[in-house]
Amino acid sequence: MSEMKLEGIHHITAITGDAPRNLDFYTRVLGLRLVKKTVNQDDPTVYHLFYADEVGSAGSDLTFFEYPSAIRGRAGAGMVHRITWRVASPEALDFWTERLGAEGVEIERDGSRLRFRDPEGMDLELAVVETEDESLIADHPEIPGAFALQGFDGVRAYSTSPERSRTFLEETLGFAGGPESWEARGDRRGSFYAYDAAPAERGIPGAGTVHHVAWASPMDEHEAWQRRVAEAGAHPTPIIDRFYFKSIYFREPSGVLFEIATLGPGFATDEPLEHLGERLSLPPAFEHLRAQVEPLLTPLPDPRTARVGS
């Protein structure tokens, strides 16, 4: 096996039924930056919103498809059920305990971890993590940089049989660890992927659930990853050009939808860094649809303009 390594999580994509409320929670409350407002390229009548650090770094990027009025979903076997971000210190957890409490968010603190849910019930966690990985933070006037979210630490998924996935995770994808928790670590960054026992109830995709988790690949290794996943029998898609990055999709043996996405070209490809997320961005292949799709999308404020004006 070659020494190709995935550079941890690239992005995580979830579903919302209420883009304005979603935007408010992830930008105003959690302090992330809206770095791209575009459409779902497989269904361009709905938003694809990207929240990340100040420059839209892979490893910090939580994205949402908006299906207006989507029913509330429920995580089950074969689905990611918790997203964990890194913070720097116990004092950061103190800050978030107070800030989330002031918003009426129910919180559960367990030592160096703080758990809560977003407005649609998605399970989120902040963890104090010692790491040499770069801190991927966004600027926010109410959140000191020392307390800000620093990018993803990892995700937890439900599985009925973690052992079934072990060979694929370790030998095909190069994850290290086991038997129920692994790390994907490259030269610059790493993230964990862990399993919990699946609940008896069947999962229901919908608002407040994770659609897929994407792992980061250097541009020059992406084709090799597609071949390797295919040779392992996981039936990846062909490489799909998403304009901001290239992607392949497949399911790992526990049923969780994985993506491998390239580290680049990035979100500044079609708008300047200082103005990321301010207008609807459409990749060139979709620009001709602007007049059709813009009226179908939920009107959203620019959170940074709204913040300045408040």
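Considering only residues that are polar (S, T, N, Q) and touching a helix residue (DSSP H, G or I) at 6+ places or on another chain (Cβ under 8 Å), look in the range 143-200 and name the one that is surrounded by the most Cβ atoms within 10 Å (Cβ to Cβ).
Going through the range 143-200, the residues polar (S, T, N, Q) turn out to be 150, 159-161, 165, 167, 172, 181, 191.
Of the ones still in play, those that are also touching a helix residue (DSSP H, G or I) at 6+ places or on another chain (Cβ under 8 Å) are 159, 172.
Details: S159: 23, T172: 18.
So the residue we want is S159.
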Original post:
Do the conditions hold for G76, that is, is it assigned to a loop (DSSP other than H, G, I, E, B), farther than 30 Å from P299 by Cβ and either modelled with pLDDT under 95 or in contact with a Gly (Cβ under 7 Å, 6 or more places away or on another chain) (or both)?
Top reply: yes
Original post:
Residues of the range 54-71 being over 20 Å from D241 (Cβ atoms), within 12 Å of the chain's Cα centre (by Cα) and of a type outside the set (A, V, I, L, M), which ones?
Top reply: S57, G59, S60, F64
**OP:** Starting from residues that are assigned to a loop (DSSP other than H, G, I, E, B) and not aliphatic (A, V, I, L, M), keep the ones in the range 1-26 and report whichever is surrounded by the most Cβ atoms within 10 Å (Cβ to Cβ).
**Re:** G8
**OP:** Those residues that are buried (at least 24 other Cβ atoms within 10 Å of the Cβ), of a type in the set (S, T, Y) and closer than 24 Å to S191 by Cα, I need them from the range 27-70; list them, please.
**Re:** Y51, S60
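The values are calculated or read from the model by the stated rules, or taken from the named source; none is laboratory data. Bear in mind the structure is a predicted one, so any value in this text is a computation, not a measurement. Note that we place each Cβ from the backbone using ideal geometry, even for glycine, and neighbour counts take in every protein chain shown.
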